[in-house]
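Participant: Quick one: the structure is below, questions incoming.
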Amino acid sequence: MTVQTQGAIRLFSGNEAIARGAYEAAVKVAAAYPGTPSTEILEALAEYGGLHAEWAPNEKVAVEVALGASMAGARALAAMKHVGVNVAADPIFTASYTGVRGGLVIVSADDPEMHSSQNEQDNRHYAMAAKIPMLEPSDSAEAKAYTKLAFALSERFDTPVFLRTTTRISHGTGAVPLGEVESPTVPLGFVEEPAKWVMLPVNARRRHVVVEARMRALREFAETFEGNRIEWGDRSLGIITAGVAYQYVREAFPEASVLKLGLAHPLPERLLREFAAGVERLVVVEELDPFIEAHVKALGIRVEGKERIPLLGELNPRIVRQAVSGEAAPLREPAAVPNRPPNLCAGCPHRSLFYALNKCRVTVAGDIGCSTLSALPPLKSMDTCVCMGASIGNAFGMEKALGASARGKVVAVIGDSTFVHSGITGLINLVYNKGFSTVIILDNGTTAMTGAQDHPGTGKTLQGEPAPRLDLAALCRAIGVEHVSTVNPHDQAETEAVLRRELDRDAPSVIIARASCVLLPEHRAERRPTYEVIEELCNGCKACGTLGCPAIEWLPLTPEAAVAAGKKPTQQGIVRINPFLCDGCNLCPAVCKMRAMVEAAR
Ligand SMILES: Cc1ncc(C[n+]2csc(CCOP(=O)(O)OP(=O)(O)O)c2C)c(N)n1
C-alpha cells in the first residue's frame, strides 16, 4: 500500500479507516483472530510497515498480546468480531483493572442482523460490565478519528478503550482525510510495578478503587466530549442516537433535533438531561438492545424506545421513519433476484467428507466454519453448531449422557482453524476424562469461512511469510490420542473405511481429513480434470442432486424433448456439469448408479 500523507482524502471502508487510524496513532503491535465483520482491519494494517501485525490463534491470545505490548509501553490494538469478545473476556475484564502504559484499543465489530454470525449480541454491555470506555463511530471518517482518539484516551485515563463498529460501519465506505503519523509519548520499556500489573487479590482490590475513580473522570469527560453533540433543529421531535443509526435518523428526519452519542459508555448525564429538556418528544433510536434507553430511563427521563424501534436485526431509514412517525413509509419493491441459499463450493473437500459421514448414520456435533453449511439441505449432515470449538465438548457430553449406546454413533467435526482456536482443550478433556468419541478435523489448510486467512496450522503468517507449521497429528498424539489417521476426503472408499473403523473403536480417535480448500491459489493452480455427463446414460434420477454441488445443473425436459433425446417421455430432465464450476473432486461419479459422470476429455 502506498502510504499517502496529510491532505489526501481516501475512500476507505470503516475497517480500512480503523487500520489507517491505528497506523497514524503509531500502533506498534496489532493482533486479531479473523471474524466477519472485523477481518479486514488486520489485513489492511498488515500492509503498513513499521509495526507487528499478526493472526493470533484466538481472540483471547490477541488481547493478551496487545496488553503485553501496552505493558511494555507500545500502542497496541486487538480486533475481533463481537463473539470474539466472549472468548477474550477474561483478559479484557482484568486489563480494565491493570490499566495500560501504551494505549490499548480493543475493536469489537458487532453484527446486527447476523449476516454471518451465530448470535446478535450487543457488545455495548461489555463496556459497562468491564468498566471500559467505548467509542462508537458512525462513518469511516469517524472510524479513523475515533481510533486515534481511543489511543489517546487510553493513555490519558489509564484504561483499555473499546471501539465498537457494526457491519455497516465496518464494510460501508466513506471519505477519510489522511493525517501524519504521530510520535508516541510513552517511552518503550517495561517498568516494574507489581501493584498495577500483578492482579493478586490484594492489588486487584486497590485497582478496583482506581477503576471506579477512572469511571467518574470518564463520565465528566463524556459531558464535554465533542463526539457527543446536540444538533438542534425542530424541537417538536428530539432523537438520541449513535453509530450507524445516526445516519438513518438524519436521512429519515432531517429536520429533527438530534443528540448524537460518539461515546457509548459512559453516557453524559447532564447532556442527556439538557437535550431531553429542550425537546417536546424524546425518542431513542438504536440498533439491538435498549442500551441508551435504559440509561435515559434510569435518569428518570421519559423517553420512547423499543416499544417502537425494533429490537431485532438492523435498522434502516425506512424502518426508523415508520417506527418513529407511525406513518407507513413508501416501500421500494425489493429487487427480484433468484434465491441463492449458501452452499459449499464445487469441489469442497467438506462435501466429500460429509457424504461419507452420512452413510455412517451418526449424530454430528458440528462447529463453526464452512462445514456448518453442510447442515443445510440436501446434505443435512450436521446436527449441532453452537460456537467455535464447541463440537468436541458437545460430542463428549452426548457420549457421557448416553453411555455405551453412544459408541459409534457420535462424532465431532471441526475445521483446522477452529481446532487451533478452541478445539484443543476440548480434545484434552475427551482424552483425560476417558471418552471414546471420534473427532474429525477438516484440514483444508486455511480459515476458509472468513476469506482464507492463515493460522498456525498453515505454516504462513498474516503477511504470507513462512512460519513453523503446527503439526496437527503430532499435537493430537501429544494430547494422548493414540489413534490418529489422516485421510483424503476425496477418496470416498478410504474415507468411509477409516470412518467406520474409528467409529467402532472403544477409545478416542482423531481423523484428519486433509484436502485443500478449492479457493486457495495453490489449489487452483493444480487444475484437476473436470467431469462431464454422458447424456445418453443420464436417467434423470437426481441422485447426484443429493450432493448439492453447484456445478451440477438440472435441465428440464418436456415429454417431447425427452423422446427426441431418446428418453422415456416420463423423464423430466437430465443433468449437466457446468465445466466452469466443476473442480474435479471426483464425488459425483460415486453417487451416479448410471455411470453417466465421467472425466471430461482435456
Ligand atoms: C469467537 C469467534 N471468532 C471468530 C468467528 C468467525 N469464524 C467463523 S468460522 C471461523 C473459522 C473457520 O475456519 P476453519 O475452522 O478452518 O473452517 P473452514 O471454514 O476453513 O472450513 C471463523 C474465524 C466466530 N464465529 N467466532
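The values are calculated or read from the model by the stated rules, or taken from the named source; none is laboratory data. This is a predicted model, so every value here is computed, not measured. We place every Cβ from the backbone using ideal geometry, glycine too, and count neighbours over all the protein chains shown. Heavy atoms of the whole protein, side chains included, go into the accessibility calculation; ligands, DNA and RNA do not. Shrake-Rupley method; radii C 1.70, N 1.55, O 1.52, S 1.80 Å.
Participant: Given a Förster distance of 22 angstrom, what is the FRET efficiency for Arg235 paired with Asp289, based on the Cβ-Cβ distance and rounded to 0.05?
Facilitator: 0.20
Participant: Quick check: the distance between the Cα centres of region 335-396 and region 415-454, to the nearest angstrom?
Facilitator: Measuring centre to centre over Cα atoms gives 15 Å.
Participant: Can you give the accessible area of Lys148, probe radius 1.4 Å, in Å² rounded to 10?
Facilitator: 40
Participant: Heavy-atom accessible area per residue, region 79-162, 1.4 Å probe: how many Å²?
Facilitator: 25
Participant: Looking at Ser509, Ile18, Gln571, which one has the Cα that reaches farthest to the positive end of the dipole of the chain (charges on Cβ: Lys, Arg +1; Asp, Glu -1)?
Facilitator: Of the listed residues, the answer is Ser509.
Participant: In debye, nearest 20: dipole of the chain around its Cα centre with unit charges on the Cβ of K, R (+) and D, E (-)?
Facilitator: 960
Participant: Using +1 at the C-beta of Lys and Arg and -1 at the C-beta of Asp and Glu, which of Pro556, Ala53, Val191 has the Cα lying farthest in the positive direction of the dipole of the chain?
Facilitator: Pro556
Participant: For the chain, take the longest principal axis of its alpha carbons; what is the angle in degrees between that and the long axis of helix 390-402, to the nearest 10 within 0 to 90?
Facilitator: Here the helix axis deviates by roughly 60 degrees.
Participant: Let me ask something additional. Can you give me the C-alpha center-to-center distance between region 279-305 and region 182-248, rounded to a whole angstrom?
Facilitator: Each part's Cα centre sits 21 Å from the other's.
Participant: Continuing with this model, one more query. To the nearest 0.05, what FRET efficiency results for Glu482 and Val186 with a Förster distance of 56 Å applied to their C-beta separation?
Facilitator: According to the calculation, E is roughly 0.65.
Participant: May I ask what percent, to the nearest 5, of DSSP beta bridges between residues of the chain are antiparallel?
Facilitator: 25
Participant: Once the piece of chain linking His171 and Phe580 is laid out straight, how much longer is it, given 0.36 nm per residue of separation minus the C-alpha distance between them?
Facilitator: Gain on stretching His171 to Phe580: 144.3 nm.
Participant: On to the next question. Using a ≥ b ≥ c from the Cα gyration tensor of region 455-555 (square roots of the eigenvalues), is it rounded, prolate or oblate, where a/c under 1.5 gives rounded and otherwise the larger of a/b and b/c decides, a/b for prolate?
Facilitator: oblate
Participant: Let me ask you something else. How far apart, in nanometres, would the label points at Gln572 and Ala474 be if each is projected 7 angstrom from Cα along the Cα-to-Cβ direction?
Facilitator: 5.5
Participant: OK, next. If the chain were replaced by its equivalent ellipsoid, with semi-axes equal to the square roots of 5 times the Cα gyration tensor eigenvalues, what would those be, largest first, whole Å?
Facilitator: 47, 31, 23
Participant: Next question, about the same structure. Convex hull over the alpha-carbon atoms of region 66-168: what's its volume per residue in Å³?
Facilitator: 83
Participant: If you roll a 1.4 Å probe over the chain with all protein chains in place, what percent of the accessible area is carbon or sulfur?
Facilitator: Its accessible area is 55 percent carbon and sulfur atoms.
Participant: Can you run phi through the Karplus equation (6.51, -1.76, 1.60; θ = phi - 60°) for region 371-378 and list ³J(HN,Hα) in whole Hz, with x for Gly and Pro?
Facilitator: Result, rounded to whole Hz: 4, 4, 5, 6, 6, 7, x, x.
Participant: Within the chain, which is the longest segment containing none of the GluC sites (Glu not before Pro) that sit in a DSSP loop and have at most 16 other Cβ atoms within 10 Å?
Facilitator: My reading of the result: 328-481 is the longest stretch.
Participant: Which percent of Cα pairs goes in each bin when the distances of region 1-93 are cut into 10 angstrom slices starting at zero?
Facilitator: Result, from short to long distances: 18, 49, 27, 6, 0 percent.
Participant: In whole Hz and in residue order, list the ³J(HN,Hα) couplings for region 115-122 that follow from phi through the Karplus curve 6.51 cos²θ - 1.76 cosθ + 1.60, θ = phi - 60°; x for Gly and Pro.
Facilitator: Per residue, the Karplus-derived 3J(HN,Hα) values read 4, 8, 8, 8, 8, 10, 4, 9 Hz.
Participant: Relative to the longest principal axis of the C-alpha atoms of the chain, give the angle of the C-alpha long axis of helix 14-24, reported between 0 and 90° and rounded to the nearest 10°.
Facilitator: The answer is roughly 60 degrees.
Participant: So what is the 222 nm mean residue ellipticity for the chain from helices alone, if each DSSP H run of at least 4 adds -39500 (n - 2.57) and you divide by all residues, rounding to the nearest 500 deg cm²/dmol?
Facilitator: -10500 deg cm²/dmol
Participant: Sort Lys131, Lys434, Lys593, Lys28 by accessible area with a 1.4 Å probe, largest first.
Facilitator: Greatest to least solvent exposure: Lys593, Lys434, Lys28, Lys131.
Participant: Take every DSSP beta bridge with both residues inside region 9-224 and express the antiparallel ones as a percent of the total, to the nearest 5.
Facilitator: 20
Participant: Above 23 Å lies some portion of the pair distances; for region 229-325, what is it as a whole percent of all C-alpha pairs?
Facilitator: 12
Participant: At q = 0.09, 0.12, 0.16 Å⁻¹, what log₁₀ I(q)/I(0) does a Debye calculation on the Cα points of region 349-524 give, no solvent, two decimals?
Facilitator: -0.27, -0.48, -0.88
Participant: Could you work out the relative contact order of region 1-87, using alpha carbon pairs under 8 angstrom and six or more residues apart, expressed as a whole percent?
Facilitator: 34
Participant: How large is the dipole of region 349-524 about the Cα centre if only Lys and Arg carry +1 and Asp and Glu carry -1, each at its Cβ, rounded to the nearest 20 debye?
Facilitator: 400
Participant: At 0.36 nm per residue, and after removing the present C-alpha to C-alpha distance, how many nm does the segment from Asn433 to Val337 gain when stretched out fully?
Facilitator: Length difference between fully extended and current span is 29.4 nm.
Participant: Specify which residue in the list Asn394, His115, Met80 is farthest towards the positive end of the charge dipole of the chain, using unit charges on the beta carbon of Lys, Arg (+1) and Asp, Glu (-1), about the Cα centre.
Facilitator: In the chain, that residue is Asn394.
Participant: Enter the accessible area of Trp554 (Å², nearest 10), with the probe set to 1.4 Å and all protein chains included.
Facilitator: Rounded to the nearest 10, that gives 80 Å².
Participant: At 7 Å along the Cα-to-beta-carbon direction for both Glu274 and His208, put a label point, then send me their distance in nm to one decimal.
Facilitator: 3.5
Participant: Excluding residues fewer than 8 places away in the same chain, name every one of the lysines whose C-alpha is closer than 25 Å to that of Lys144.
Facilitator: Correct list for Lys144: Lys28, Lys60, Lys81, Lys131, Lys260.
Participant: Less than 13 Å apart at the alpha-carbon level, and either on another chain or at least 8 residues along: which aspartates and glutamates does that give for Lys196?
Facilitator: Hits, sequence-local ones excluded: Asp158.
Participant: For the pair His115 and Lys297, how long in nm is the line joining their label points, each one 7 Å along Cα→Cβ?
Facilitator: 3.0
Participant: Next question. Cα to Cα, under 20 Å, and not fewer than 8 places away if on the same chain: which lysines meet these conditions relative to Lys409?
Facilitator: Lys359, Lys380, Lys400, Lys434
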